[in-house]
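Heads up: the structure comes next, in structure tokens.
Here, each number is a calculation from the coordinates, and none is a lab measurement. No experiment lies behind these values; they were computed from the predicted model shown. Reconstructed Cβ throughout: ideal geometry from the backbone, glycine too, with neighbour counts over all protein chains shown.
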């Protein structure tokens, strides 16, 4: 939740008794997604000191050493 309130608490406060009704009104915006991505990157940076996508996930065959 944007205000930092757990969803179960927000459901009780708003009177939504079922998850499906709560989800119907819990709209995710593009800005919400951008903020979530930034938070994930900040956590990743703090843990690893690196950025997403800086390193390839597979080895490039042209850079392999032949014996």
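Placing pseudo-labels 7 Å out from each Cα toward the beta carbon at residue 17 and residue 32 gives an inter-label distance of 2.4 nm. For segment 1-40, the equivalent ellipsoid derived from the alpha-carbon gyration tensor has semi-axes of 22, 12, 7 Å in decreasing order.
A Förster distance of 25 Å, applied to the separation of the beta-carbon atoms of residue 46 and residue 24, puts the FRET efficiency at 0.10.
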